[in-house]
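Encoded as structure tokens, the structure appears first; notes follow it.
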Amino acid sequence: MSDRVTNILLVGVGGQGILLASEVLSETFMLAGYDVKKSEIHGMSQRGGSVVSHVRYGKEVFSPIVPEGEGDILFGFELMETYRSLPLLRAGGTVLANDLRIAPPSVLMGQAVYPDDLPERIKQRFPDMVLLDGQHLAIEAGDARAANTVLLGALSKRLDIGDEFWFKALEKMVPPKALEVNKRAFLKGREF
Amino acid sequence: MKEILSGNEAIARGAYEAGCRVASAYPGTPSTEILENVIHYREINASWAPNEKVALEVAIGASFGGARALCTMKHVGVNVAADPLFTLSYTGVNGGLVLVSADDPEMHSSQNEQDNRNYAKFAKIPMLEPADSQECKDFTRLAFELSEQYDTPVMLRTTTRISHSKSIVQLEEPVTGLPEPALVKNAAKLVMLPGNARIRHPFVEERMVRLSEAASTMSINQIELRDTSIGIITSGTSFQYVREVLPQASTLKLGMVHPLPTDLICQFAESVTTLYVVEELDPFIEDQVKAMGIAVKGKELLSLCGELTPGRLRLSFHLSPEGTTPVDGGLPPRPPNMCPGCPHRGVFYLLNQLKAYVTGDIGCYTLGFLPPLNAMDTCVCMGASISTASGIARVLPPEQQQRVVAVIGDSTFLHTGINSLMDMAYNQVPATVIILDNRITAMTGRQDNPASGHTLMGASSDAVDLTQLCHAVGIKHVRTVNPLDLAATRTAIAEEMARPEPSVVITNKPCVLIKREGVFTRGAAYAVECGVCTGCRACLKIGCPAIEWRPADDGSKKGKAYIDPLLCTGCDVCRQLCTFGAIRRMS
């Protein structure tokens with residue numbers, strides 16, 4: 001086990017289930033024997049605002065928030081929020097983004113435009129970028145609601161954590177009747 | 001056994017392990033989840049109080065009765081509970097009493113960022129400050145013990161980062177053998193008339209001296225010597241940032257931030273070359289260290305405002321920041337918004353149309369301030385909407401007086417708004433009050449309240465009848481409207497605004513997030529008929545997240561509205577705004 005702390009940022013829009021995804025991540029890291037800290041802001045941000053969840057694991061973790069510019073992996077659940085959070089990432093960091101656009105209020109009202117070139121702009125700065133359509137892949141796995149689990153599957157391939165810990169965490173955090181479809185969704189994500 | 005717990009979950013666990021019997025609170029971010037987790041331990045009688053003063057007094061009663069009692073609130077809640085708190089310092093306790101103050105540096109969900117460590121000093125009571133979830137649990141247990149040992153309430157201070165961060169906690173079994181609660185007469189200690197209070201005050205002063213002396217040998221106050229050229233006194237989440245950014249620095253980590261361990265601070269100051277205090281908000285520790293005659297650096301490096309982060313600490317110590325990759329500006333912001341189908345939305349649309357001057361209050365509906373609704377003109381604190389309306393109306397000529405409307409939620413009304421309404425009725429101030437009764441304390445995450453008909457422990461309860469309550473305090477004109485019926489609501493508000501007497505309008509539709517069966521029912525979604533929509537944008541004026549403007553393909557300013565059927569709850573408000581009949585309920 002390396003002494004180095006790994007920094008993961010989960011970003012998106014309030015209501016997307018980001019907090020649950022970060023709980024599954026933290027549980028996995030604890031089961032794998034690491035020290036873990038995670039932090040996010042509840043409250044106002046749940047009403048459709050931007051959400052950033054910080055998850056850190058390693059031999060010993062101090063700060064519960066990822067120091068600015070030290071994120072190893074930006075795990076984006078929505079494109080604009082992924083782009084907005086790029087300054088949190090270290091140079092050469094990895095971006096794993098869900099190809100989903102959720103219009104903020106000014107775009108809904110026709111006063112601003114949702115930029116259509118965000119994937120290119122992200123890729124330009126962070127060549128190690130993976131873009132995947134979580135929603136579509138989740139439907140293939142059997143349930144659109146398992147989109148976040150697809151994304152977790154894709155993330156799992158980029159971390160050195162044994163499969164058994166991921167599945168144990170899913171078993172603990174996901175309701176029994178949704179477990180099978182979530183396992184399928186997780187494996188779907190691992191194809192990326 | 002170990003689990004990943006948030007600071008709030010760990011405090012609940014700590015109360016359980018400490019044998020706490022009663023827990024009382026008013027919800028407030030970032031403290032709310034403490035009591036929501038206490039209910040998992042059925043040994044504890046946990047309840048929501050109408051406000052923080054009541055919550056603390058319930059805990060005081062339980063303590064006087066001989067039981068360990070927990071009371072939790074957000075930082076501004078302590079302002080409401082300050083009256084009993086200061087005298088509780090004099091009476092002391094029977095069963096241990098712990099008051100959690102969850103502060104919110106950076107104001108993630110608050111109207112100010114007051115530093116409640118000042119309350120501990122002001123009220124002359126000890127305060128512990130945990131730095132992670134393990135300490136949240138352990139310090140809660142310790143706080144109960146100190147409370148009984150020193151005959152004092154103990155404050156446990158968290159911040160948003162401590163309350164809402166998760167880390168690994170080792171669980172323990174609860175203590176056993178605590179004395180059974182019983183009635184014990186001890187008027188000299190518990191009846192705070194001047195004669196008794198004059199005897200208790202010297203006890204308080206002497207107690208704080210004893211605590212200060214003991215603090216230097218408490219294991220929660222810990223010196224760790226590393227490189228002695230830099231020594232940092234710190235506590236709470238700031239300690240974690242210090243260890244992250246300045247791993248070689250020597251530290252004095254304070255688990256108790258009031259009273260300070262003076263001997264330990266002197267010893268640490270002598271061991272290091274340059275002494276710093278790293279703390280968020282006020283120079284609370286720094287000022288006291290300076291008063292001890294010790295040279296120390298603190299707020300000349302660190303901000304008085306906002307929360308600390310590793311990056312900000314790095315800048316303060318002139319360490320080069322990690323390279324960050326800036327993004328182009330001009331991204332549309334993503335502020336929070338009222339939910340699709342929220343019963344408040346139409347009311348704020350109408351208040352804007354009626355050119356009302358709106359005194360607001362604390363809750364989801366404070367979002368009525370944001371565009372496109374733009375319908376809030378003041379917001380100070382819990383309950384202030386009605387009393388500030390009452391004050392404004394007193395100084396205005398009648399035609400402007402009529403425009404003053406207070407808006408307040410059901411939970412906030414019962415918190416402190418009821419006192420303000422009594423003032424308005426008693427002094428016959430002709431302003432209008434709208435009680436946005438959505439049957440829940442929504443902003444903090446749907447907690448029950450005395451008007452919801454349910455308790456925190458899940459029991460049914462008689463709901464407060466808001467109409468009768470308003471009548472009882474002397475308001476003659478009270479009417480109830482369906483806020484999803486814009487015409488009826490507009491008529492009701494306009495008529496009451498014109499009335500030269502105090503009046504109340506109560507809206508009666510529930511929060512769309514309530515999950516309890518039979519309260520909120522989702523209707524069939526609506527859709528825009530493209531052929532009928534003229535692109536007039538009238539439906540966009542309510543700012544519903546389910547309605548989107550879709551520009552025409554030709555790049556012109558033309559376009560049509562679109563309703564997302566997955567988000568639409570079928571509230572019908574947008575249909576009422578469409579004069580062309582383009583919005584229809586889907587079958």
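Efficiency by 1/(1 + (r/R0)^6): what FRET value for A:A112 and B:A187, r their Cβ-Cβ distance, R0 = 45 Å, to the nearest 0.05?
Using R0 = 45 Å, I get an efficiency of 0.10.
Take B:R584 and B:E517, extend 7 Å from each Cα along the Cα→Cβ direction, and tell me the distance between the two endpoints in nm.
With each label point 7 Å from Cα toward Cβ, the separation is 3.5 nm.
Longer than 27 Å from Cα to Cα, which of B:K124/B:K185; A:K177/B:K74; A:K38/B:K253; A:K38/B:K121; A:K188/B:K166 are they? Say none if no pair is.
From the list (B:K124/B:K185; A:K177/B:K74; A:K38/B:K253; A:K38/B:K121; A:K188/B:K166), the Cα-Cα distance tops 27 Å for A:K177/B:K74; A:K38/B:K121; A:K188/B:K166.
Charges at C-beta only: +1 for Lys and Arg, -1 for Asp and Glu. How large is the resulting dipole of region B:310-463 about its Cα centre, in Debye rounded to 20?
280 debye
Given a 10 angstrom Cα cut-off, can you work out which residue in A:A146, A:A32, A:A21 is the most mobile in a GNM of chain A?
A:A32
Between B:C530 and B:H318, what is 0.36 nm times their sequence separation minus the Cα-Cα distance? Round to one decimal in nm.
Here the answer is 70.4 nm.
Cross-link candidates for A:K123: which lysines have Cα within less than 21 Å, leaving aside residues fewer than 8 places away along the same chain?
Reachable lysines: A:K157.
Hey, got the average number of other protein chain Cβ atoms within 10 angstrom for residues in B:509-515?
0
Report, as an integer, the average count of C-beta atoms from other chains found within 10 Å of each Cβ along B:362-375.
1
Charges at C-beta only: +1 for Lys and Arg, -1 for Asp and Glu. How large is the resulting dipole of region B:5-72 about its Cα centre, in Debye rounded to 20?
180 debye
When Lys and Arg each count +1 and Asp and Glu each count -1, what net charge do the other residues less than 15 Å away from B:Y150, Cβ to Cβ, add up to?
So the environment of B:Y150 carries a net charge of 0.
Given contacts defined as C-alpha pairs under 8 Å and at least six residues apart, what's the relative contact order of region A:51-192, whole-number percent?
19 percent
Can you list the residues of region B:207-250 that have at least 50 square angstrom less accessible area with all protein chains present than in their chain by itself, probe 1.4 Å?
When all protein chains are present, B:Q240, B:E244 each give up 50 Å² or more of accessible surface.
Once the piece of chain linking B:E3 and B:A494 is laid out straight, how much longer is it, given 0.36 nm per residue of separation minus the C-alpha distance between them?
171.2 nm
Divide the volume of the convex hull of the Cα atoms of region B:20-105 by its number of residues and quote the answer in cubic angstrom per residue.
Convex hull of Cα atoms, per residue: 74 Å³.
If you count, for each residue, the other Cβ atoms within 10 Å and average over each peptide, how do B:219-232, B:367-380 line up from highest to lowest?
B:367-380, B:219-232
Which log10 I(q)/I(0) values does the protein assembly as shown give at q = 0.10 Å⁻¹ under the Debye formula, counting every alpha carbon as one identical point scatterer?
The calculated log intensity ratios at q = 0.10 Å⁻¹ are -1.15.
Hey, which lysines would be in cross-link range of B:K558, C-alpha to C-alpha under 24 Å, not counting anything within fewer than 8 residues on its own chain?
The reachable lysines, counting only those whose Cα sits under 24 Å from B:K558, are B:K541.
How tilted is helix B:133-150 with respect to the longest principal axis of chain B? Cα atoms for both, answer in degrees (0 to 90, nearest 10).
60 degrees
How would you rank B:452-458, B:426-432, highest first, on the average number of other Cβ atoms within 10 Å across their residues?
Result, highest mean Cβ count within 10 Å first: B:426-432, B:452-458.
Could you state the per residue volume, in Å³, of the convex hull enclosing the Cα atoms of region B:1-152?
100 Å³
Based only on Cα atoms, what Rg/Rh ratio does region A:41-124 have, Rh being taken as Kirkwood's radius?
Using Cα coordinates only, the ratio equals 1.01.
What order do B:T159, B:T325, B:T521 take when sorted by accessible area (1.4 Å probe), most exposed first?
Final ranking, largest accessible area leading: B:T521, B:T325, B:T159.
Can you compute the FRET efficiency between B:E213 and B:T455 using 1/(1 + (r/R0)^6), with r the Cβ-Cβ distance and R0 = 30 Å? Round to the nearest 0.05.
Once rounded, the FRET efficiency stands at 0.10.
Among B:237-243, B:404-410, how do they line up from the highest to the lowest mean number of other beta-carbon atoms within 10 Å?
Descending mean neighbour count gives B:404-410, B:237-243.
Considering only the other residues whose Cβ falls under 10 Å of the Cβ of B:A25, what net charge follows from Lys and Arg at +1 and Asp and Glu at -1?
Value of the local net charge: -1.
Just from its helices, what would the mean residue ellipticity at 222 nm be for chain A, if runs of 4 or more DSSP H residues each count -39500 (n - 2.57) and the sum is divided by every residue, rounded to the nearest 500 deg cm²/dmol?
Computed mean residue ellipticity for chain A: -11000 deg cm²/dmol.
Could you check the spin-label model distance between B:E270 and B:A197? Points 7 Å from the Cα along Cα→Cβ, value in nm.
4.2 nm
Please average, across the residues of B:549-557, the number of beta carbons from any other chain that are within 10 Å of each residue's own beta carbon, and give a whole number.
Counting other chains' Cβ atoms within 10 Å and averaging over B:549-557 gives 1.
Just by accessible area at a 1.4 angstrom probe, what is the order of B:S303, B:S587 from largest to smallest?
Final ranking, largest accessible area leading: B:S587, B:S303.
With a 1.4 Å probe and every protein chain kept in, tell me what percent of the accessible surface of the protein assembly as shown is carbon plus sulfur.
54 percent
Apply the Kirkwood formula to chain B: the hydrodynamic radius equals the inverse of the mean of 1/r over all pairs of different alpha-carbon atoms; give it in Å with one decimal.
Taking every pair of different Cα atoms in chain B, averaging 1/r and inverting gives 26.4 Å.
How many Å² of accessible area per residue for the protein assembly as shown, probe 1.4 Å?
Using a 1.4 Å probe on heavy atoms only, each residue of the protein assembly as shown averages 39 Å².
Please compute the contact order of region A:118-175 in relative form: average sequence separation of alpha-carbon pairs under 8 Å and at least six residues apart, divided by the residue count, as a percent.
18 percent
Using the Cα atoms as the points, what is the convex hull volume per residue of chain A in Å³?
Measuring per residue, one finds 119 Å³ for the Cα hull of chain A.
What residues have an amide H closer than 5 Å to that of B:K299, excluding those fewer than 5 places away on the same chain, when H is modeled at 1.01 Å from N in the peptide plane?
When sequence neighbours closer than 5 places are left aside, there are no close amide H contacts.
When all alpha-carbon pairs of region B:234-279 are counted, what percent fall beyond 13 Å?
The share of Cα pairs beyond 13 Å in region B:234-279 comes to 55 percent.
Kindly sort B:E244, A:E164 by accessible area of their heavy atoms, largest first, with the probe set to 1.4 Å.
So, going from the largest accessible area down, we get A:E164, B:E244.
Report the gain in length on full extension from B:D263 to B:E205: 0.36 nm times residue separation, minus Cα-Cα distance, nm rounded to one decimal.
Taking 0.36 nm per residue and subtracting the Cα distance, the gain is 19.0 nm.
In terms of Cα to Cα distance under 18 Å, which aspartates and glutamates are near enough to B:K299, apart from those fewer than 8 places away along the same chain?
B:E106, B:E113, B:D115, B:E279, B:E280, B:D282, B:E286, B:D287, B:E307
For region B:505-584 and region B:284-314, compute the distance between their C-alpha centroids and round to whole Å.
51 Å
Label-point separation (nm) for B:R479 and B:L354, each offset 7 Å from Cα along Cα-to-Cβ?
So the two model labels end up 0.9 nm from each other.
Which FRET efficiency, nearest 0.05, do B:A538 and A:R101 yield, Cβ-Cβ r, R0 25 Å?
After rounding to 0.05, the efficiency reads 0.50.
Compute the signed sum of charges (Lys and Arg +1, Asp and Glu -1) over the other residues within less than 11 Å, Cβ to Cβ, of B:M192.
+3
Using a simple charge model, +1 on the beta-carbon of Lys and Arg, -1 on the beta-carbon of Asp and Glu, nothing else, what dipole does region B:285-373 show about its Cα centre, in debye to the nearest 20?
140 debye
Remind me, relative contact order of region B:103-177 in percent, using alpha carbon pairs under 8 angstrom and six or more residues apart?
34 percent
Could you run the numbers on buried accessible area between A and B, total for both chains, 1.4 angstrom probe, in Å² to the nearest 100?
When A and B are taken together, about 4700 Å² of accessible area is lost.
What longest range of chain A stays clear of loop-exposed trypsin sites (Lys or Arg not before Pro) (DSSP non-H/G/I/E/B, at most 14 other C-beta within 10 angstrom)?
Within chain A, the longest run free of exposed trypsin sites (Lys or Arg not before Pro) spans A:102-156.
How far, in degrees from 0 to 90, does helix B:262-271 lean away from the longest principal axis of the Cα atoms of chain B, to the nearest 10?
The angle comes out at about 80 degrees.
The values are calculated or read from the model by the stated rules, or taken from the named source; none is laboratory data. Everything quoted here is computed from the prediction, not taken from an experiment. Counting neighbours? That spans all protein chains shown, and the Cβs are built from the backbone with ideal geometry, glycine included. All accessible areas refer to the heavy atoms of the entire protein, side chains included, with ligands and DNA or RNA removed. Shrake-Rupley method; radii C 1.70, N 1.55, O 1.52, S 1.80 Å.
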